[in-house]
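All of the numbers you see were taken from the coordinates with simple rules; none came from a lab. These numbers come from a predicted model, not from an experiment. Positions of Cβ are generated from backbone atoms using ideal geometry, with glycine treated the same way; all protein chains shown enter the neighbour counts.
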There are 2 protein chains.
Amino acid sequence: MESKVESLWEEVRELTLGATVDRLQSPPTPLQFLRDFVSQNKPCIISNAISHWPALSLWPTPSYLSTSLSSSLVSLHLTPDGQADALVPHPARSSLCFVSAHVQPTLFPQALDIIRRPPNHLVAYLQQQNDCFRTEYSELESDCDAHIPWASEALGCLPEAVNLWIGNHLSQTSFHKDHYENLYAVVSGEKHFLLLPPTDVHRMYLKEYPAARYSYSQENGEFRLEVEEPERYVPWSSVDPCPARGSLKQESLKFPLYFNGPKPFEVTVKAGEVLYLPSMWFHHVRQSPGDGGCTIAVNYFSFAGYDMQFDIKYAYFNFLQSLPCRSIDDQTIPEGECEDDSGSHAPSNHLNSRFSGDESATNNLEIHKDRDNV
Amino acid sequence: MESKVESLWEEVRELTLGATVDRLQSPPTPLQFLRDFVSQNKPCIISNAISHWPALSLWPTPSYLSTSLSSSLVSLHLTPDGQADALVPHPARSSLCFVSAHVQPTLFPQALDIIRRPPNHLVAYLQQQNDCFRTEYSELESDCDAHIPWASEALGCLPEAVNLWIGNHLSQTSFHKDHYENLYAVVSGEKHFLLLPPTDVHRMYLKEYPAARYSYSQENGEFRLEVEEPERYVPWSSVDPCPARGSLKQESLKFPLYFNGPKPFEVTVKAGEVLYLPSMWFHHVRQSPGDGGCTIAVNYFSFAGYDMQFDIKYAYFNFLQSLPCRSIDDQTIPEGECEDDSGSHAPSNHLNSRFSGDESATNNLEIHKDRDNV
């Protein structure tokens, strides 16, 4: 089984993906985009697709944003270290849990200040994947397009959600996938993506982790880690592609399929560029700030086709994910990180979950459809 | 493994295919066709797409065809029983071989006569999948379109091959798949398709059979079965979906995944209708004659996108096909049909062949690209 899965990783690269992500110098026609990228489940970077957005010149100036949004309450995500939606030691067990940020409603000018001039004890990130651009930042809506027209025409629908992301170099997004077709437009600074196709699902070592959340106290400036009650489990990738210095060898032993397999596609998306990130692709994101001291991006989540979000590719993916891969299932988890499965939940190596890796990425997205009812 | 593969068969039907093949009352736009069918690898039947073809009124009249093609030499396929590209007992072993028709260059009027008034000892079929419409039947080219415009625009290319099929109710085409996107336009009579999606590959019991060919003697009116020298093996489906009366039970025991699994999609395409048959779908074809005494169809083979014929779906398919399925591999072949693998060839249960089932379907197609060089 392992060798066949490894052949699949190679074949999808040989047959369709190639060695690097395609770059288009101008927006494709809807047909080209659908045929050469969406239908192929193949990412690309598009230049000169948002050159007409006033946002490109306006948003890098912090005073413009702070004036436009002077009285807006926005969702500020706070963590001690920039790692939200990430794995951290469980507070009560010798295992890991999946932690989300503390979400603090904050006046925008104050939030932007914290991002641009980060204090020592916390990292702030303006990001809320619940269509926040249209709900929390409507004052900015005339600065960019409500959708990407050639993509909407190709996909046959308008975006389900439009999100704004304003952060600094301290924030990272750990490896995960979304079920949406994603168009990611960078307005200021740069975003650095690591990408792996859905065929590489076993290399992500998806496991279920108990959900937790940071609770931040403004009084003493401290974070407390609170495990959700009743327990809820989130399937998430166990792999940190950028392990701390000195721990690469140990991480490679724990996650050999990731560290010894084909390298992920590395992509830097600059201000003015758009990344098409196909559904079900695993992505890890870092960022570099632009002139205004932060990284700003807008992303559009869509389903391809009205009610057609589940296709043969998705069925194949679920099938692949359901297959046991011995080097994962036999994985010896080093002491101190062993999942405690004494609770009521299924064993930790639960690779069969139909929507593994999806739920936590979208757990704030209220418009999210009930997929099990399709 | 078996239960996971069975779940895949069910899931692809639940998520995307549904219970019946979609019918469109008018041609889709290129975008709709690409998004809702090609990208989904999902068949459909389209009405009113070829209503403007003069062929629809002209070709059902035999005298029109015979006059237009009075001096045309065409490739007439002759078999004793209407089964070409089919499995028959090997002449020298207690096993099966894969037999192709005797191809007899024949003046068209004479060929049409034989099809319309079949003699007792042979079945004739005008069909040659090497772009025969444009090479052998060019006198008819103004009677229909050179391509299906909305499909060509969607796929981003003109057809690689256009084929004409003129036959009677005695000819059948056994289960196989093609790597092409296929648009199949019926001009006279009806075509009856059984369709299975690529996910069901294990249900086809693909095995490699030695290639053979009928040789027909006009002198004594007899067929001789000639095995190719040097030996050549063709991967082909072992399943006959319409077994002879009384043998269903035995066939079900030999091919339980086919006979006990989900039913194939049954589709009748009538004169004036077009079937979109996605690449890699297994299909079995029977036919009923129209008023002129024969069934006439034109089909267009295309690749989706310039040089983009191999996508993630294809990689998934190859992976799936490479997986062993115990109920196939342990299959007890009844005595008298057991593959003789004493020759130099690989064992018969060779499911890993990269293009299993493709080669013989296209072995006459000279324009066929060298796929291993992609």
List, shortest first and in nm to one decimal, how far the label point of A:PRO54 (7 Å from Cα along Cα→Cβ) is from its counterparts in the other copies. 6.0
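What value, in deg cm²/dmol to 500, does the helix sum -39500 (n - 2.57) over DSSP H runs of n ≥ 4 give at 222 nm once divided by the residues of chain A?
Values: 11 runs with 74 residues, N = 374.
Value at 222 nm, helices only: -5000 deg cm²/dmol.
Based on the Cα atoms of the protein assembly as shown, what semi-axes does the equivalent ellipsoid have, where each is the square root of 5 times one gyration tensor eigenvalue, given in whole Å with the largest first? Write down the numbers at each step before the final one.
On the way: eigenvalues 632, 185, 73 Å².
They are 56, 30, 19 Å, listed from largest to smallest.
Checking the a/c ratio against 1.5 first, then a/b against b/c, what shape does the Cα gyration tensor give for the stretch A:6-152? Numbers along the way, then the final one.
Numbers: a/c = 2.62, a/b = 1.21, b/c = 2.17.
Oblate shape, in that a/c is at least 1.5 and b/c is the bigger or equal ratio.
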Which shape class, rounded, prolate or oblate, goes with the stretch B:58-135 when its Cα gyration tensor gives a ≥ b ≥ c as root eigenvalues, a/c under 1.5 marks rounded, and past that a/b bigger than b/c marks prolate? prolate
Quick one: order A:LEU164, A:LEU183 by neighbouring beta-carbon count within 10 Å, fewest to most. A:LEU164, A:LEU183
Unsatisfied cross-links (Cα-Cα over 20 Å) in the set A:LYS4/B:LYS42; B:LYS42/B:LYS177; B:LYS4/B:LYS313; A:LYS42/A:LYS254: A:LYS4/B:LYS42; A:LYS42/A:LYS254
Relative contact order for chain A, counting Cα pairs under 8 Å that sit 6 or more residues apart, in percent: 25
What percent of all Cα-Cα pairs in chain B falls in each 10 Å bin, counting up from 0? 5, 24, 34, 27, 11, 1
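Would you mind classifying the stretch A:129-237 by shape? Square roots of the alpha carbon gyration tensor eigenvalues, ordered a ≥ b ≥ c; an a/c under 1.5 is rounded, otherwise it is prolate if a/b is larger than b/c and oblate if not. Mind showing how you got there, number by number?
Numbers: a/c = 1.93, a/b = 1.28, b/c = 1.51.
Because a/c hits 1.5 or more and a/b fails to exceed b/c, the stretch A:129-237 counts as oblate.
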For chain A, modelled as a Gaussian network with Cα springs under 10 Å, which listed residue fluctuates most, A:ARG13, A:ARG245, A:ARG116? A:ARG245
How far is it, in nm, from the label point at A:ASN120 to the one at A:ASP291 when both lie 7 Å from their Cα along the line to the Cβ? 3.3
Could you give, in nm with one decimal, how far B:GLU141 is from each other copy of that position, shortest first, with labels 7 Å out from Cα toward Cβ? 5.5
So between B:GLN110 and B:SER26, what do we pick up on full extension, going 0.36 nm a residue minus the alpha carbon distance? 26.5 nm
Could you tell me the distance between the Cα centroids of the stretch A:95-144 and the stretch B:72-96, to the nearest Å? 71
Label spacing, shortest first and in nm, from A:PRO109 to its equivalents in the remaining copies (7 angstrom along Cα→Cβ): 9.5
For the stretch B:310-324, just list the computed ³J(HN,Hα) in residue order, Karplus coefficients 6.51, -1.76 and 1.60, θ = phi - 60°, integers in Hz, with x standing in for Gly and Pro. 10, 10, 5, 4, 5, 5, 4, 4, 4, 4, 4, 5, 6, 7, x
Could you compute the FRET efficiency for B:ALA92 and A:ALA19, with r as their C-beta to C-beta distance and R0 at 51 Å, rounded to 0.05? 0.55
Just to compare against my own numbers: the Cα pair-distance distribution for the stretch B:203-278, 10 Å bins, whole % per bin, please. 15, 26, 31, 26, 2
Using each residue's phi in the stretch B:172-186, evaluate 6.51 cos²θ - 1.76 cosθ + 1.60 at θ = phi - 60° and report the 3J(HN,Hα) Karplus result to the nearest Hz, with x for Gly and Pro. 10, 10, 6, 4, 7, 10, 10, 7, 8, 6, 10, 10, 10, 9, 8
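If you place +1 on the Cβ of every Lys and Arg and -1 on the Cβ of every Asp and Glu, how big does the dipole about the Cα centre of chain A come out, in debye to the nearest 20?
In total the dipole reaches around 780 debye.
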What is the distance in Å between the Cα centres of the stretch B:221-239 and the stretch A:3-28? 38
What is the gain in length, in nm to one decimal, between B:LEU58 and B:LYS249 on full extension, counting 0.36 nm per residue of separation less the C-alpha to C-alpha distance? 64.3 nm
Would you please give the residues with an amide H less than 5 Å from that of B:GLY272, counting only those at least 5 places away or on a separate chain, with H modeled from the backbone geometry? B:VAL186, B:VAL187
Please identify, among A:ASN182, A:ASN48, A:ASN168, the residue showing maximal mean-square fluctuation in a Gaussian network model of chain A using a 10 angstrom Cα cutoff. A:ASN48
